[in-house]
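Undergrad: Before I ask anything, here is the structure I am working with.
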């Protein structure tokens, strides 16, 4: 009985497909075949795409790059429909030799300044000046370090300002050994020997190396003459780190007369005969929040620039040697919220026909900064008969001693619109000049600024 049932069940199972086949229509078979063809086509397209991507990653790189050069996919805003028209996806190819960093910042100012006549420069000649100025900086840094501590890299920082011109901030190449020694060549600023803390608006904090001295105006000497970032030369810097000690020697080679606005000094037009060579050694010691630094800067080339007197005799004006010291207490290292940053600086310049002394103190706490700068100018030579370009706008037109006082303050408003990279700074200054023993009343100048600072 059981054998009979088993045989009957097998027979029905074998007969079922044949019966189903007989009942299946031709139309149903065609639909099934079409579905299978579509699935096969989809699988073929997917396989083709994977093969294309594999070939792209295996393309040979240029001879200058190592064989393991990475290919980085570019995220594009182009619609996907348009991107599918490309033979291959866009890629960004790096050399593979090190890291590449792209960054920048936006800095725009709204300024208001007092009446005509700057104490330290005649570049601003407008009455009660109202101004909007600023620039956008783009930075590109390359860096590579090895397991043995050796490193090399570069930096380039083009600037676009509101006047429609393109400029350059830093452009330098460097190499050395981590936490040991370093060589840097190019356009940059060396060690700051007169820090101004949160510098938002200080009338004479300006540029370094060039156009610092404006004849007929006061001079706040801040050990910047050989610091660098020159428009007429370049820097070669050697530095060494030894435990808490830091040593630096900066060499600046440039047109020495570029220090003076319009190449005039003490009422005379200067003749540039050869480039100057400034040497600027710095030694600094740091222990926790305290740092002490001392430096000097001096031109070592004789007769680099000067003038011819009425008898046709050459007079050398290129002898300039400066000394400086600074003490800094950086409490933000240990207390980022309530720490105080304090700077105390002093500088002295022994120059041809002039002696200058400057000292400054400033403090930063809770994003508020307050500072004071005193400058003393002793003019030993001045040719009134040959005074060039000053007309009635000059403060200093004779030998004698002059004192310049400056108060400056700033406040940071952080995280605008909850953005940590967007800050607003409020800045102000007040400067006045006194002629010691003279009959003129004290002359002053003041201003205020709103600065928008955005990092990206």
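Undergrad: For the stretch 331-350, state whether one or more residues are in a strand (DSSP E or B) and touching a helix residue (DSSP H, G or I) at 6+ places or on another chain (Cβ under 7 Å). Spell out how you get there, then give the answer.
TA: Our first condition is that a residue be in a strand (DSSP E or B); within the stretch 331-350, this holds for 341-350.
Cutting the leftovers down to touching a helix residue (DSSP H, G or I) at 6+ places or on another chain (Cβ under 7 Å) gives us 341.
Yes, the stretch 331-350 contains at least one residue that is in a strand (DSSP E or B) and touching a helix residue (DSSP H, G or I) at 6+ places or on another chain (Cβ under 7 Å).
Undergrad: If I filter the stretch 323-336 for residues that are over 23 Å from residue 396 (Cβ atoms), over 25 Å from the mean Cα position of the chain (by Cα), assigned by TED's automatic domain parsing to the domain that holds residue 245 and surrounded by fewer than 14 Cβ atoms within 10 Å (Cβ to Cβ), do I get at least one hit?
TA: Yes: the stretch 323-336 contains one or more residues that are over 23 Å from residue 396 (Cβ atoms), over 25 Å from the mean Cα position of the chain (by Cα), assigned by TED's automatic domain parsing to the domain that holds residue 245 and surrounded by fewer than 14 Cβ atoms within 10 Å (Cβ to Cβ).
Undergrad: So which residues in the stretch 264-283 are surrounded by fewer than 20 Cβ atoms within 10 Å (Cβ to Cβ) and outside any loop (DSSP other than H, G, I, E, B)? Can you show your working first?
TA: Residues of the stretch 264-283 that are surrounded by fewer than 20 Cβ atoms within 10 Å (Cβ to Cβ), as a first pass: 269, 271-275, 277, 279, 281, 283.
Listed by number, the residues that qualify are 269, 271, 272, 277, 279, 281, 283.
Undergrad: Could you check the stretch 67-121 for strands (runs of 3 or more DSSP E) lying wholly inside it with 1 or more residues that are at pLDDT 70 or above and touching a strand residue (DSSP E or B) at 6+ places or on another chain (Cβ under 7 Å)? Reasoning before the result, please.
TA: Numbers: elements: 71-73, 91-93, 99-113.
Strands (runs of 3 or more DSSP E) meeting the threshold: 91-93, 99-113.
Undergrad: Let me ask something else about it. Considering 416, 424, 379, which residue is under 27 Å from residue 294 (Cα atoms) and in the same structural domain as residue 217 (by TED's automatic domain parsing)? Don't jump to the end; show me each part of the working.
TA: Numbers: 416 fails: under 27 Å from residue 294 (Cα atoms); 424 fails: under 27 Å from residue 294 (Cα atoms).
The unique qualifying residue is 379.
Per-residue answers, yes or no, for (1) surrounded by fewer than 20 Cβ atoms within 10 Å (Cβ to Cβ); (2) touching a residue at least 60 places away in the same chain (Cβ under 8 Å):
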site: 200; (1), (2): no, yes
site: 205; (1), (2): yes, no
site: 226; (1), (2): no, yes
site: 244; (1), (2): yes, no
site: 248; (1), (2): no, no
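Undergrad: Still on this structure, please answer the following. Working only within the stretch 343-366, note down all residues that are without any contact (Cβ under 8 Å) to a residue 60 or more places away in the chain and surrounded by fewer than 18 Cβ atoms within 10 Å (Cβ to Cβ). Full working, then the answer.
TA: If we filter the stretch 343-366 for residues that are without any contact (Cβ under 8 Å) to a residue 60 or more places away in the chain, which is where we start, we get 344, 346, 350-352, 355, 359, 361, 365-366.
If the condition is that a residue be without any contact (Cβ under 8 Å) to a residue 60 or more places away in the chain and surrounded by fewer than 18 Cβ atoms within 10 Å (Cβ to Cβ), then 344, 350, 352, 355, 359, 361, 365, 366 are the ones that fit.
Undergrad: To continue, here is another question. In this structure, does residue 364 turn out to be outside any loop (DSSP other than H, G, I, E, B) and closer than 21 Å to residue 216 by Cβ?
TA: Values: outside any loop (DSSP other than H, G, I, E, B): yes; closer than 21 Å to residue 216 by Cβ: no.
In short, no.
Undergrad: A follow-up question, please. Condition check: in the same structural domain as residue 259 (by TED's automatic domain parsing), part of a strand (DSSP E or B) and either at pLDDT below 95 or closer than 30 Å to residue 306 by Cβ (or both). Does residue 371 satisfy that? Explain how you work it out, then say what you get.
TA: Numbers: in the same structural domain as residue 259 (by TED's automatic domain parsing): yes; part of a strand (DSSP E or B): yes; either at pLDDT below 95 or closer than 30 Å to residue 306 by Cβ (or both): no.
Criteria not met by residue 371.
The values are calculated or read from the model by the stated rules, or taken from the named source; none is laboratory data. Every value quoted in this text rests on a predicted model; they were computed, and no experiment measured them. With ideal geometry, Cβ positions are generated from the backbone for all residues, glycine too; neighbour counts draw on all protein chains shown.
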